[in-house]
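Novice: Structure below; questions to follow.
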Amino acid sequence: MNCPTNEQLSAFHDGEIDEVRRVEMELHLRQCRLCGAEMERLQTMSRLLGAAPAARLSPIGVHRLHRRVNEVMEEGLLRFVRVLNTIAACLLVAGSAWLMVKTRADQTVESPMPAAPPWVDVVSDSPSGAASTPAAAWYLAEDSSRGDD
Amino acid sequence: MVQYNPEADDIELLRRAGAGDSAAFHALVDRHAQRLYRLAVSLIGNAADAEDVLQETFIGAFRGLRSFQGRASVKTWLTRILVLQAGQWRRDRRRRRFEPMGDSIAAAGPSAEAGLDVRAAIGQLSPEHREVLVLREFERMSYEEIAEALDVPRGTVESRLHRARSELREKLKAYLP
C-alpha cells in the first residue's frame, strides 16, 4: 500500500474510514515510520486539545439564561394578547359603524307623518269633499271631534 | 415547574416545547447549556460574549421551534444555531470596531501553560478552521454531524479539518514530537 495522504491519516485518526481501509492502514502504519510519526503527532495534538481548560457556565449564568428565555416567552404571549386586543377593537369599531348605518337606514324608511287612523277615510269621503290629503283628513277629523265637544 | 426525566428524548422535549410547554424548553436549556457554552467560548474566545451568543442561540431555537424538521439530532440543530449566531457576532463586531477576527483568544498571549497556548493557537485559526476543529476535538462530533451543523459537504469537513490541524501543528510544534 502507498502512503496515505495526511487527509486520510486524519480521517483514520478520527475513526472516519471504512473497516477494510482501516485494516489496511493499521498494517501500513506498523511498517512506515513516516506515517507512524505523523499519526503520533495527530494523537499528541488531540491529547493537548483535550487537556485545554474547559469553560463552564456559572450557576448565575445559567439563571440569566433561563430568565432571558422566560422574557422571550412572555414577549410572545404579550404579542398574542396584543393581536387579540387589536382584533377585538376592530370588531368593536366595525360593529358600531354597522349599527349606526342600520339605525339611519331604518329612520329613512319610516314615514315622516304618523299613520292616520282608519276612520280618517270616512271623514275624507264626507260629502264636503274638503279632505283631499291624509293630513287634511286628519286635521278635519280632529276638528270635528273638537266640534263635538 | 415540571421536572423531566433525564432520559426523556430531546425530540420529545422539543415537541412539547413546540406545543407551548415552557418547562420542556427549560429542560432542553438545562440539558445543552454547558456543552453549547463551552463551544461558544471556543469559537468566540471570551466568556461575556460567549454568554450573549448562548442566550441568542436558545432564543433563536425557541423562535424556530417549528422549523425543526427532525432530519438532524437536536444536538446538531442547536450546534448549527450556535455556529450561525457566532458568525453573526463576528460580523457585528467587525462592523462596530473594524477589528480583524480571531484575535480575542489570541489576546491571551503566550503562556507557559500548554492548555492556554492551545486556546490561543485555536483563536488564531480562521473561523472556518476553528469551527471544524472545535466541533471535532472538543465536541467529538462525527464528520456527518459536523457537515450538518455547518451545512457543508462532508468532503469540505475533511479538507478543512486537515488544514486546521496542519496550521495548528505549526503553532504548537514546541509541544509535538
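Novice: Can you tell which of B:R66, B:R80, B:R71, B:R96 is surrounded by 14 or more Cβ atoms within 10 Å (Cβ to Cβ) and among the basic types (K, R)?
Specialist: On the way: B:R66 fails: surrounded by 14 or more Cβ atoms within 10 Å (Cβ to Cβ); B:R71 fails: surrounded by 14 or more Cβ atoms within 10 Å (Cβ to Cβ); B:R96 fails: surrounded by 14 or more Cβ atoms within 10 Å (Cβ to Cβ).
Of the residues listed, the single one that is surrounded by 14 or more Cβ atoms within 10 Å (Cβ to Cβ) and among the basic types (K, R) is B:R80.
Novice: Is there a residue in region A:64-87 that is within 30 Å of B:Q55 (Cα to Cα), more than 49 Å from the chain's Cα centre (by Cα), at pLDDT below 90 and of a type in the set (A, V, I, L, M)?
Specialist: Taking every residue of region A:64-87 in turn, none turns out to be within 30 Å of B:Q55 (Cα to Cα), more than 49 Å from the chain's Cα centre (by Cα), at pLDDT below 90 and of a type in the set (A, V, I, L, M).
Novice: Could you tell me which of the residues A:V20, A:V62, A:V69 is more than 11 Å from every other protein chain (Cβ to nearest Cβ) and among the β-branched types (V, I, T)? Outline the logic, then answer.
Specialist: On the way: A:V62 fails: more than 11 Å from every other protein chain (Cβ to nearest Cβ); A:V69 fails: more than 11 Å from every other protein chain (Cβ to nearest Cβ).
Being more than 11 Å from every other protein chain (Cβ to nearest Cβ) and among the β-branched types (V, I, T) holds for just one of A:V20, A:V62, A:V69, which is A:V20.
Novice: Of all the residues that make up region B:142-171, how many are crowded, with 20+ Cβ neighbours inside 10 Å, facing chain A (nearest Cβ under 10 Å) and in contact (Cβ under 8 Å) with a residue 24 or more places away in the chain?
Specialist: 5
Novice: Mind checking whether some residue in region A:44-56 is small (G, A, S), farther than 23 Å from B:M141 by Cα and out of contact with any Asp or Glu (no Cβ under 9 Å at 6 or more places or on another chain)?
Specialist: Of the residues in region A:44-56, the ones small (G, A, S) are A:46, A:50-52, A:54-55.
The next check asks that each one be farther than 23 Å from B:M141 by Cα; those that pass are none.
No, that holds for no residue.
Novice: Look at B:Q34 and say whether it is touching a Lys or Arg at 6+ places or on another chain (Cβ under 6 Å), at the interface with another protein chain (Cβ under 10 Å from one of its Cβ atoms) and assigned to a helix (DSSP H, G or I).
Specialist: Numbers: touching a Lys or Arg at 6+ places or on another chain (Cβ under 6 Å): no; at the interface with another protein chain (Cβ under 10 Å from one of its Cβ atoms): yes; assigned to a helix (DSSP H, G or I): yes.
The answer is no for B:Q34.
Novice: Also: Can you tell me which residue among A:M39, A:M100, A:M25 is in a helix (DSSP H, G or I) and closer than 30 Å to B:I44 by Cα? It would help to see each step written out before you state the result.
Specialist: Values: A:M100 fails: closer than 30 Å to B:I44 by Cα; A:M25 fails: closer than 30 Å to B:I44 by Cα.
Sole residue among the options that is in a helix (DSSP H, G or I) and closer than 30 Å to B:I44 by Cα: A:M39.
Novice: May I ask you to verify whether B:A17 is without any contact (Cβ under 8 Å) to a residue 60 or more places away in the chain, farther than 21 Å from A:R56 by Cβ and surrounded by 19 or more Cβ atoms within 10 Å (Cβ to Cβ)?
Specialist: Yes; evaluated as a whole, the condition is true for this residue.
Novice: Quick one: which of B:A47, B:A27 is facing chain A (nearest Cβ under 10 Å), surrounded by 14 or more Cβ atoms within 10 Å (Cβ to Cβ) and either touching a residue at least 40 places away in the same chain (Cβ under 8 Å) or of a type outside the set (D, E) (or both)?
Specialist: Details: B:A27 fails: facing chain A (nearest Cβ under 10 Å).
B:A47 is the lone residue from the list that is facing chain A (nearest Cβ under 10 Å), surrounded by 14 or more Cβ atoms within 10 Å (Cβ to Cβ) and either touching a residue at least 40 places away in the same chain (Cβ under 8 Å) or of a type outside the set (D, E) (or both).
Novice: I would also like to ask the following. Suppose the filter is crowded, with 18+ Cβ neighbours inside 10 Å, more than 10 Å from chain A (Cβ to nearest Cβ) and either small (G, A, S) or more than 29 Å from A:R79 (Cβ to Cβ) (or both); does B:L39 pass it? Step through it out loud before you land on a result.
Specialist: Working: crowded, with 18+ Cβ neighbours inside 10 Å: yes; more than 10 Å from chain A (Cβ to nearest Cβ): no; either small (G, A, S) or more than 29 Å from A:R79 (Cβ to Cβ) (or both): yes.
No; evaluated as a whole, the condition is false for this residue.
Novice: Here's another thing I want to ask about it. Under the condition of being surrounded by 16 or more Cβ atoms within 10 Å (Cβ to Cβ) and under 23 Å from B:R130 (Cβ atoms), which residue from region A:23-50 is farthest from the other protein chains (Cβ to nearest Cβ)?
Specialist: Filtering region A:23-50 for residues surrounded by 16 or more Cβ atoms within 10 Å (Cβ to Cβ) gives A:25, A:28-29, A:32, A:35, A:38-39, A:41-42, A:45, A:48-49.
When the remaining residues are screened for being under 23 Å from B:R130 (Cβ atoms), the result is A:38, A:41-42, A:45, A:48-49.
Values: A:E38: 10, A:R41: 5, A:L42: 7, A:M45: 6, A:L48: 5, A:L49: 4 Å.
It comes out as A:E38.
The values are calculated or read from the model by the stated rules, or taken from the named source; none is laboratory data. If you're wondering where the values come from, they're calculated on a predicted model, not measured in any experiment. No Cβ is skipped: glycine too gets one built from the backbone with ideal geometry, and neighbour counts run over all protein chains shown.
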